[in-house]
């Protein structure tokens, strides 16, 4: 497993954030005009915040539109947090979720569990049998 060091936002720090579509253009460069604008924004100034919902949307777009496999998507998510252009508010649960995603779990389920655990939840209850296998979940039967 690769060592992953993610940049984080500190409490009280004001940052700018980006939406999924800006990140998609930056990663795929599939629209020349938007790619240029995305590069100018992302590679200038301070790193931009990427929130967990953006990661879920991004993984869906990369899989369904661009046909990337799970490992390629996970590598992209790792790169986002470690390249210096982006920040995560809470990198530890994001890192945990990415690793669960690589193991075959749904990224949204993994983020829910890891973010809830990071927030102090002892258990997250679910009816989802696959999610119920993740640490932090308890399957309701």
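What follows is calculated from the coordinates using simple rules that are stated; it is not laboratory data. Note that the structure is a prediction, hence the values are computed from the model and not measured. No Cβ is skipped: glycine too gets one built from the backbone with ideal geometry, and neighbour counts run over all protein chains shown.
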Between residue 63 and residue 122, Cβ-based FRET efficiency (R0 35 Å, step 0.05) works out to 0.65
Residue separation between residue 13 and residue 51 times 0.36 nm, minus their alpha-carbon distance, gives in nm 12.2 nm
Rounded to 0.05, the calculated FRET efficiency for the beta carbons of residue 135 and residue 40 at R₀ = 41 Å is 0.50
Sorted on mean Cβ neighbours within 10 Å (highest first), peptides 97-103, 129-135, 47-53 come out as 97-103, 47-53, 129-135
In degrees, nearest 10, the alpha-carbon axis of helix 107-118 is tilted away from the dominant principal axis of the alpha carbons of the chain by 70 degrees
Per the C-alpha gyration tensor (a ≥ b ≥ c, the square roots of its eigenvalues), the stretch 65-141 is rounded if a/c is under 1.5, else prolate if a/b beats b/c, else oblate; here it's oblate
The helix 52-64 Cα axis meets the longest alpha-carbon principal axis of the chain at an angle in degrees, between 0 and 90 and rounded to 10, of 80 degrees
GNM of the chain, Cα pairs under 10 angstrom: of 113, 59, 29, the biggest fluctuation goes to 29
Output ordering of 85-94, 30-39 (per-residue mean of other Cβ within 10 Å, highest first) is 85-94, 30-39
